[in-house]
């Protein structure tokens, strides 16, 4: 039977949300993926893979959705405190249902990289932020800087789209676009950069200071940053992509003023030319979760998921929503045996679903069910699932709404 | 010299040269066989794509000037829609880059320029041009 090809599918592999994916479908599963990187392809090919959780589970045994939801609701109603962990690997619609459930249960939210988001939000509130959409980067940017960001590993197709595309005003592509990489290790992104700045991350603050003083005319540029300073002085449109090299707890704790100073530098350069900052995160809808939390009028206690083991105790319950907390926070695996029941809402088999008391497998967002998600540049995209939702399966939004009704 | 060119183009093999088959030239024959062995994997453009190193970043798909000529999507950094337009050289399939056709490659069509854009920009060194 030949494959049925479907074009313009949106990938939910990373925060790029590439919408140029084509898939070959046969017998309700994806058999071939076109235009997707390795990371995105693996997610699409899950549909024809034994790693999927096929049916709801209670204590590792298959059961109906009704029974599993009833058991999950019983656990949540009898818990002293509830922590909902995850939320960055879900559609905006499911995130809104998550927030509604958290408010009803008085639950706390344990969010991946929340510490970083909170610091970035604080710095943005204080200093403002200048943003580009990816379209503006493609059409206008002639200088692309990756600082502490390694898109070749994190968002594989970003480098191609940002630095190699032939935009409306940059039709010669890479010939007129300069690529700069600043990092503390020789990343694959740095391999093909025009300007490579390989320094210890402790020197990032020094680089910032040097850029500030040179660009404001106070001092001549230092050798380490002279190429970058020249590039910044001669560009028309520059985009800074900042990644986990800067947006990590250890670095920001050691350099609490870095983000403020960085955004102020961008602001000062914007007086003379267009400069923007785009943060790069690992999760495909971290931007969506932050946006929904910012827009909700509700007060919800949020903390970083790394702090979960110290915030949970006997009598509590954990709802792991699309996130493998056992791999991430080993302590929660122990707590599962100590009487802290774990409910997992996940479509693929992970160490978390292996130890969870109840597993509720939703249809795969973006592949078997639709909704919206927010790209790394803040644009909200509609997901175009290439497959029909399997019979008997529910979306993650439906599961959360049912838990809301039953608790 | 002409035989060397034919060797590199892949139209002749080292064993096609009778003087090389003489016992006194056996060492040279082995050396030439070793040099030309990788070319057996190369397309007529000399492009060797190591799929194990490729992670589907699609830089070759976007940077290739021929891809951009035949697919408007490639201009803005996207992959081409299906069915693939005729003339496309690189496309991603199941997360890996595949060579779809070399008929329009600038290394293949006259005047056979020494274009190496795909090799120069691949961050994983998955593309190597042997000639």
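Values computed for the structure shown
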item	result
Output for segment B:64-76, where each listed residue is buried (at least 24 other Cβ atoms within 10 Å of the Cβ) and within 10 Å of chain A (Cβ to nearest Cβ)	B:64, B:74
All positions within segment A:155-178 that are buried (at least 21 other Cβ atoms within 10 Å of the Cβ) and either assigned to a loop (DSSP other than H, G, I, E, B) or touching a residue at least 60 places away in the same chain (Cβ under 8 Å) (or both)	A:155, A:156, A:157, A:158, A:161, A:162, A:165, A:166, A:177
Per-region count, segment A:184-208, residues away from chain B (no Cβ under 13 Å) and either touching a residue at least 24 places away in the same chain (Cβ under 8 Å) or touching a strand residue (DSSP E or B) at 6+ places or on another chain (Cβ under 7 Å) (or both)	11
Count of residues meeting criterion [in a strand (DSSP E or B) and under 15 Å from residue A:346 (Cα atoms)] in segment A:54-74	3
Residue ID - farthest from the other protein chains (Cβ to nearest Cβ), chosen from residues in segment A:23-33 that are surrounded by fewer than 24 Cβ atoms within 10 Å (Cβ to Cβ) and either touching a residue at least 60 places away in the same chain (Cβ under 8 Å) or in a strand (DSSP E or B) (or both)	A:28
Per-region count, segment B:95-104, residues in contact with a helix residue (DSSP H, G or I) (Cβ under 6 Å, 6 or more places away or on another chain) and either at pLDDT below 90 or surrounded by fewer than 18 Cβ atoms within 10 Å (Cβ to Cβ) (or both)	1
Filter result (over 16 Å from residue B:70 (Cβ atoms) and either buried (at least 20 other Cβ atoms within 10 Å of the Cβ) or in contact (Cβ under 8 Å) with a residue 24 or more places away in the chain (or both)) within segment B:108-126	B:119, B:121, B:122, B:123, B:124, B:125, B:126
Residue match in segment A:253-276 (condition: crowded, with 23+ Cβ neighbours inside 10 Å and either within 15 Å of the chain's Cα centre (by Cα) or assigned to a strand (DSSP E or B) (or both))	yes
Of the criteria (1) more than 10 Å from chain A (Cβ to nearest Cβ); (2) crowded, with 17+ Cβ neighbours inside 10 Å, which one residue B:50 fails	(2)
Residue within segment A:222-241 that is part of a loop (DSSP other than H, G, I, E, B), modelled with pLDDT under 85 and within 27 Å of residue A:119 (Cβ to Cβ) present	no
Residues located in segment B:77-111, provided they are touching a strand residue (DSSP E or B) at 6+ places or on another chain (Cβ under 7 Å) and facing another protein chain (nearest Cβ under 8 Å)	B:79, B:80, B:81, B:82, B:91, B:92, B:93, B:94, B:95
Residue A:226 more than 20 Å from residue A:278 (Cβ to Cβ) and surrounded by 15 or more Cβ atoms within 10 Å (Cβ to Cβ)	no
Flag for residue A:73 being surrounded by 21 or more Cβ atoms within 10 Å (Cβ to Cβ), touching a helix residue (DSSP H, G or I) at 6+ places or on another chain (Cβ under 8 Å) and more than 14 Å from chain B (Cβ to nearest Cβ)	no
Any hit, segment A:127-145, residues being away from chain B (no Cβ under 14 Å) and either free of Cβ contacts under 8 Å to residues at least 40 places away in the same chain or out of contact with any strand residue (DSSP E or B) (no Cβ under 9 Å at 6 or more places or on another chain) (or both)	yes
Of all residues making up segment B:57-76, the number that are touching a strand residue (DSSP E or B) at 6+ places or on another chain (Cβ under 8 Å) and in a loop (DSSP other than H, G, I, E, B)	4
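The values are calculated or read from the model by the stated rules, or taken from the named source; none is laboratory data. Computed from a predicted model, the values in this text were never measured in an experiment. Here the Cβ is made from the backbone with ideal geometry for all residues, glycine too, and neighbour counts use every protein chain on show.
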